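Encoded as structure tokens, the structure appears first; notes follow it.
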Ligand code: GLU
């Protein structure tokens, strides 16, 4: 089973779509099922109405899925039960600036490594008021987050080296790493195809899987889309929301064809009319290892 796991932080854009195409095609080609999960845990960036709009965009592009749509916001009891099983955790109110100040800058695309400042903290020292503390998992030398990514290859840096004791909840809200790992495991997801912006926290998910006695899925982390300046595709590169292309009257076939050509899933002069047309020849491992440089000229 595969899954599409959009966050309703805004409209669906081309970067999401390329990864979703890969996830959908890989699983449908193998005759497998696809789950649609909306990652709507409380987040300041979530926009009301965004989930209905993204579901509509997905359908317009030709995606389908099996069974009911899962919303993370309905699964809080499951996450809280897992948090209880992970105990002991420790609270931490270090700010990003505190953590940054304690180390040299991380490599681009990497998360900040937490140096363990609040581990063993005096229990009488009060926490900063007004903001619930983060709960961190104290890592031990037995926690091994190394794994082999089915697309990106062996990932030999441990969670401890990459993230340090990572956050599994803020107040009583579970963190993304825990929620998505648990959702995938409980739904029986076997293959996770997603953007390689999440690669640096995947060792943390492997550690969580082992701690919770779950088997991690196979991970396929694909490079992201970037603009002609090499930076991650964003508003500065123009409007790459699916809604904007729809409003401009572009048919889905043009977007699918452009993304499939640039991803080397079809020949540079081939065209497809629907997502399904990509199924026979699809090869996830043909996808270039380098970030896909997008410009609207690819739609010509
Ligand atoms: N919800 C995340 C996103 O939209 C994807 C997480 C995942 O695929 O595990 O970026």
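Values in this text are rule-based calculations from the coordinates and carry no lab data. Since this is a predicted model, take the numbers as computed values, not measurements. Positions of Cβ are generated from backbone atoms using ideal geometry, with glycine treated the same way; all protein chains shown enter the neighbour counts.
Brief remarks on what is shown
- Highest to lowest packing among 248-261, 2-15, 78-91, scored as the average C-beta count within 10 Å: 2-15, 248-261, 78-91
- Full extension of the segment from residue 124 to residue 271, taken as 0.36 nm per residue of separation minus the current Cα-Cα distance, would add 46.3 nm.
- The range 1-40: C-alpha gyration tensor shape, a/c 1.5 cut-off, then a/b vs b/c: oblate
- Backbone N within the range 204-234 under 12 Å of label point (7 Å from residue 244 Cα along the Cβ vector): 233-234
- Stretchable slack from residue 81 to residue 157, in nm (0.36 nm times residue separation minus alpha-carbon distance): 24.5 nm
- Summed over qualifying helices (DSSP H, 4 residues or more, each -39500 (n - 2.57)) and divided by its residue number, the chain shows a 222 nm mean residue ellipticity of -8500 deg cm²/dmol.
- Largest GNM mean-square fluctuation across 228, 174, 141, computed for the chain with C-alpha springs under 10 Å, falls on 141.
- Sequence ranges 186-193, 212-219, ranked by mean other-Cβ count within 10 angstrom, highest first: 186-193, 212-219
- Contact order, relative form, for the range 167-296: 21 percent (alpha carbon pairs under 8 Å, 6 or more residues apart, mean separation divided by residue count).
- Segment residue 286-residue 212, extension gain: residue separation times 0.36 nm, minus the distance between their alpha carbons: 23.2 nm
- Remark: 162, 76 ranked as 76, 162, counting other beta-carbon atoms within 10 Å and listing the fewest first.
- For the chain, modelled as a GNM whose springs connect Cα atoms under 10 angstrom apart, the maximal fluctuation among 100, 205, 72 occurs at 100.
- The range 3-37-the range 134-159 distance, computed between alpha-carbon centres (Å): 24
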